[in-house]
Amino acid sequence: MHKIESKNVELYYGSFHALKGINMTIEKNTVTALIGPSGCGKSTFLRLFNRMNDLIDGVRIEGSCLIDGKDIYSKEVRIEELRKRVGMVFQKPNPFPKTIFENVAYGLRVNGISHATFIEERVERSLKQAALWDEVKDKLKKSAMELSGGQQQRLCIARALAIEPSVILMDEPASALDPISTAKIEELIYELKSQYTIMIVTHNMQQAGRVSDTTAFFYLGELVEYDSTKKIFTNPTEIRTQNYITGRFG
Amino acid sequence: MNDFVKKFIERIIEGALMISSTVTTLTVLLITIFLFKEGISLFNQSPLEGDNIITVSANNKVEHISSAQIKNIFDQKITHWDELGGKKDSIILFTFNDLSTYFSDDEIGANFELLPHKIDSLVSNTPGIIAVFSKKYLAPNFKGKIVQVENVSLTQFISGEEWFPTANPAVQLGVLPLILGTLWVSLIAIVIALPIGLATAIYLAEVANQKMRNIYKPIIELLAGIPSVVYGFFGLIVIVPMVQKTFNLPVGETALSGSILLAIMALPTIITVSEDAIRNTPRSMKEASLALGANRWQTIVRVTVPYSISGISAAAILGIGRAIGETMAVLMVTGNAAVMPHSLLQPVRTIPATIAAELGEAPKDGIHYKSLFALGCILFLITLVINLWVDYISRKRSNYSK
Amino acid sequence: MDINTRKRLAENTAFWVFRILSLGVIGILFSILGFILSKGIGVVNWDFITKMPEDGMTKGGIYPAIIGTLYLIAGSMLFAFPIGLMSGIYTNEYAKEGFIKRFIKLMTSNLAGIPSIVFGLFGMALFVNGMGFGDSIIAGSLTLGLLVLPIIIRTTEESLKAIDNSFRHASLALGATKLQTIRRVTLPMAMPNIITGLILSIGRVSGETAPILFTVAAYFLPKLPTSMYDQVMALPYHLYVISTSGTNIAESRSMAYGTAVVLILIVLILNLAANALRRYLGKKYKIN
Ligand SMILES: Nc1ncnc2c1ncn2[C@@H]1O[C@H](COP(=O)(O)OP(=O)(O)O)[C@@H](O)[C@H]1O
Ligand SMILES: [Mg+2]
């Protein structure tokens, strides 16, 4: 059984056809990079898996998306349960205007956990996993807004890890960061792979090459090519993929 | 040449634009000057009506007397001179109305030509006397003593509990009941309106779909556009009797009626301003919360409302400001009794209502007229503080979201 | 109960409470409108709006009050619209970012926050007494004009601000002066919203009572004004006097309902007009 699977997914924003018959399977504990020019549907595709697109008025989805073999759009699925299992990290760091501690504890609290020592332990563990613990352990009660951009993004990762998802969706998580912070995030993704299945949207070809096992190239709402990262970057089947990778468009 | 004329005309128009933009600034300035010029002149004026003077016998030690003391003497709450720092004599009051009990018509003459002399001897022969009469009946070499009446002071004005601006012979200008009445009615109004308004704002910003919003928004705009006198009229014929019946009161014109009406009138402001604030919460913030498994309600409570709290408080403050300044509706339903407010079910009187009700009857440049301008100053200052406060909050907010 | 059920229950409860409260707000409006309209619509007929009041204002019509209000609208707009428009243009198109602009804006918002009764006091002190106009249309119009000035300035400013700079640059690049650009490009595009602001301030002027109490409004006048130094009756003040201080309040009640209906209709029509205009002109100029 595949960890993640999409079968003939079509998505419309009103009358705009944003995803066209996407078929894709993703294995457990791998990193998949989604690449392609702006507006080709990468974020839309990513957001299918925690049903973030549901929030937008006028969205219509056809086909099926499976995680662990179960259709996440079926009636029995509770959307909040799903989002607990599928964490998400956004393009721009978006910590809440709360303390560092409360940011990480947020997902636990809204899911009904109130046991203080349990929360403390989990916060510490998540911050350690996100390689942020040493930098913030003395100022957990300080506002998250005081952290640097890179720290904020790792905080957002810790926040997602705290509710123990099995899948993590990352939408250009490093595009707003400086090279050093970017390197830290990439390192982190590599570490996290052993426990999580990760999908990452990126505009940075080198980054895709460095962190991912498989790569999917999207173009105008279509999945043009999906293969091992090595293959995509060295010997793509499709001419469009090759053009994009070599920087001839996009 | 033609070009030169064109340029010249452009300059003139630009000058006109610039001048126009100073009009508002100038108006605010002029309002301040006019209000305070009239208002402040209240404080170097004697509270005595007309050209009255107050006299006592020559060996009375009392030199000054305040308008509150005069009133208490008239009301016989003060009956002995020692209460005013004088001797133990009891106070004997003589006013122009008592003329016939003291003197016969013959004694004062047909045209009061003998009156000054009569008063003079009365005052000098009666140790405990206090005589209030017009200056024109003061004898040329008066043997009594004229007591100085203290001018209205700012502290008396603000802290005085009695508002009798036409009392004779000395007006009572205590605005505390009016200030408290205004705050009382307005605060209760906001206490009623804030939860409802906030709920509606959240509903419109976060729960309702676009279609619902398109229905609600114009209706709320309309609610804001209805003239306050129409609200007052509605209050008078619907809310007042309702309050009267519900609480079994002798009259329905009470603080509560005013608060309910003001709450209705403050709703559009509160809804619009706080909806804007809520809508300004960054989408990414809400998405982050939802992506962590929070539902929409949790996101509203834990993220959206805390994030927009300054905007929401601006809405509440603005609502209070509107309520404090509201005139006609309040005038029509609160009963306008200038007493210290003790309960919601009593008539109260607010500052704007006082100005509206009394300015028409106050003789120009008289003490009553000036005191109403002083009330206007208080109102102006309160709303100015509120405006600056809201401005400060919204500026802080826009800095924060940058 | 598991956490998901609890969460859903809380959400449903809260949302239903919100739905009901907001319905309540709408309900309030409809009960006010419904009540007054149902009681007063029967009173309003051709005679009511074209006849003088009779029998101590218990019968007849409200013609002079309508005329008075029209005069006040005309007078105040004649004064406030050009100044407000020019001021809005200046602050948005000419004034540089910085202290001056912020100060003007702060003053505008302060003026907007001053209670209307304070305008009444000011109008009495400056126009009625200071400038010696006495209780007159001109004093009342100027007072009301000042009251709505910030509304006009603000809508002008906001509609100008909403116009993308590329339009200005395009015009300037073709050699137009700043003023020509404003006159031929920016202002026409901003006009729909500015007119909307104008209409809303007309609504405000027609309903305000406190500013005219001591500057123009008359309890009863047997004839119409002949010059701008005359007093007039006005709709909102008329409603106020016949519902609170007439000699026979009970008998003039139906007149009061009728007057309230006329006032509500004015506001209703102006609101609808503003919305329709916004939509129609917005489409025409392809903005918003
Ligand atoms: N909320 C929305 N409503 C309408 N169209 C949208 C919306 N979000 C995205 N789109 C459109 O869908 C396409 C794909 O968008 P997106 O998935 O964000 O692209 P990418 O992340 O690859 O840059 C774009 O053409 C975009 O304009
Ligand atoms: Mg994207």
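The values are calculated or read from the model by the stated rules, or taken from the named source; none is laboratory data. The model shown is predicted, which means the values in this text are computed figures rather than measured ones. Cβ: placed from backbone, ideal geometry, glycine included. Neighbour counts: every protein chain shown. Quick note on the areas: whole protein, heavy atoms, side chains included, nothing else; ligands and nucleic acids left out. Shrake-Rupley method; radii C 1.70, N 1.55, O 1.52, S 1.80 Å.
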Residues of region A:25-65 with amide N under 11 Å of the 7 Å Cα→Cβ point at A:Tyr12 = A:59-62
Roughly how crowded by other chains is peptide B:239-245, in terms of the mean Cβ count from those chains within 10 Å of each of its Cβ atoms?
-> 0
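Going by average Cβ density within 10 Å per residue, which order do the peptides B:264-276, B:94-106 take, highest to lowest?
Values: B:264-276: 24.4, B:94-106: 12.2.
Top of the packing list down: B:264-276, B:94-106.
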For the pairing of chain B with chain C, what total accessible surface becomes buried, with a 1.4 angstrom probe, in square angstrom to the nearest 100?
-> 6800
Per residue value of the accessible surface for the protein assembly as shown (all protein chains in place, 1.4 Å probe), Å² | 44
Report, as an integer, the average count of C-beta atoms from other chains found within 10 Å of each Cβ along A:47-56.
-> 2
Phi-based couplings in Hz for region B:347-358 (Karplus 6.51, -1.76, 1.60; Gly and Pro marked x) | x, 9, 9, 9, 4, x, 4, 4, 4, 4, 7, 10
How high is the relative contact order of chain C, in percent, counting Cα pairs under 8 Å that sit 6 or more residues apart?
-> 26
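Shielding of B:379-385 by partners, i.e. mean partner chain Cβ atoms within 10 Å per residue? If you can, show how the numbers build up before the last one.
Values: counts 5, 7, 0, 1, 5, 3, 0.
For peptide B:379-385, the averaged partner shielding equals 3.
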Inter-part distance where region C:174-221 and region B:343-402 are each reduced to a Cα centre, Å = 26
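How high is the FRET efficiency between B:Ile158 and C:Asn45 when r is their beta carbon distance and R₀ equals 60 Å, given to the nearest 0.05?
Details: r = 52 Å, r/R0 = 0.87.
E(calc), rounded to 0.05, equals 0.70.
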Interface size A-B, as summed buried accessible area [1.4 Å probe, Å², nearest 100] = 1800
For region C:244-268, residues shielded by at least 20 square angstrom of accessible area compared with the chain on its own, probe 1.4 Å = C:Thr244, C:Arg253, C:Tyr257, C:Leu263, C:Ile264, C:Val267, C:Leu268
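What percent does the relative contact order of region B:52-151 come to when contacts are Cα pairs within less than 8 Å and at least six residues apart?
On the way: 151 pairs, mean separation 49.7, N = 100.
Relative CO of region B:52-151 lands at 50 percent.
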For C:Val232, list long-range residues whose amide hydrogen, built 1.01 Å from N in the peptide plane, is under 5 Å from its own amide hydrogen.
-> C:Ala218
Cross-link partners among lysines for C:Lys39, C-alpha distance below 17 Å, same-chain residues fewer than 8 apart left out?
-> C:Lys59
Where trypsin sites (Lys or Arg not before Pro) fall in DSSP loop in region A:10-57, at most 16 other Cβ within 10 Å | A:Lys28
In debye to the nearest 20, how big a dipole does region C:47-284 give about its Cα centre with +1 on each Lys and Arg Cβ and -1 on each Asp and Glu Cβ?
-> 1080
Note to self: C-alpha centroids of region B:232-301 and region B:137-204 sit apart, in Å, by 30
Under 30 Å from the Cα of B:Lys135, which lysines turn up, not counting those fewer than eight places away in the same chain?
-> B:Lys37, B:Lys61, B:Lys71, B:Lys77, B:Lys87, B:Lys88, B:Lys118, B:Lys143, B:Lys145, B:Lys364, B:Lys370
Fraction of beta bridges assigned by DSSP in the protein assembly as shown that are antiparallel (%, nearest 5) = 60
Too long for a 32 Å Cα-Cα cut-off, among A:Lys193/B:Lys396; A:Lys20/C:Lys161; A:Lys20/A:Lys193; A:Lys184/B:Lys396; A:Lys75/A:Lys193, are A:Lys193/B:Lys396; A:Lys20/C:Lys161; A:Lys184/B:Lys396
Determine the percent antiparallel among the DSSP beta bridges restricted to chain B, to the nearest 5.
-> 60
Cα-Cα pairs above 29 Å in chain A: how many percent?
-> 30
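Taking R0 as 25 Å, what FRET efficiency do you get between C:Thr13 and A:Phe118 from their Cβ-Cβ distance, rounded to the nearest 0.05?
Numbers: r = 28 Å, r/R0 = 1.11.
Plugging the Cβ-Cβ distance into 1/(1 + (r/R0)^6) gives 0.35.
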Could you give the angle, 0 to 90 degrees to the nearest 10, between helix B:367-401's Cα long axis and the longest principal axis of the Cα atoms of chain B?
-> 20
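Please go through region B:1-102 and write out the GluC sites (Glu not before Pro) that DSSP classes as loop and that have at most 13 other C-beta atoms within 10 Å.
Values: sites: B:Glu10, B:Glu14, B:Glu38, B:Glu49, B:Glu63, B:Glu83; in loops: B:Glu49, B:Glu63.
Qualifying residues, ordered by number: B:Glu63.
On the protein heavy atoms, probe 1.4 angstrom, tell me the percent of accessible surface of the protein assembly as shown carried by carbon and sulfur. Write out the running numbers ahead of the final one.
Details: 24120 of 40920 Å².
Carbon-and-sulfur percentage of accessible area, whole number: 59.
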Could you go through region A:59-72 in sequence order and give the Karplus-derived ³J(HN,Hα) for each residue, using 6.51 cos²θ - 1.76 cosθ + 1.60 with θ = phi - 60°, rounded to whole Hz, and x for Gly and Pro?
-> 8, 10, 10, 10, x, 9, 10, 10, 10, 6, x, 10, 5, 7
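Loop-only trypsin sites (Lys or Arg not before Pro) in region C:80-127, please: DSSP not H, G, I, E or B, and at most 15 other Cβ atoms within 10 Å. It would help to have the intermediate numbers written out before the result.
Details: sites: C:Lys96, C:Lys101, C:Arg102, C:Lys105; in loops: C:Lys96.
Counting only loop positions with at most 15 other Cβ atoms within 10 Å, the trypsin sites (Lys or Arg not before Pro) in region C:80-127 are C:Lys96.
Viscosity 0.890 mPa s, temperature 25 °C: give me the Stokes-Einstein translational D for chain B in µm²/s, with Rh taken as the Kirkwood radius over C-alpha pairs. Write down the numbers at each step before the final one.
Working: Rh = 25.8 Å.
D = 95 µm²/s.
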If each of B:Asn2 and A:Lys128 carries a label point 7 Å out from its Cα toward its Cβ, how far apart are those two points in nm?
-> 8.5
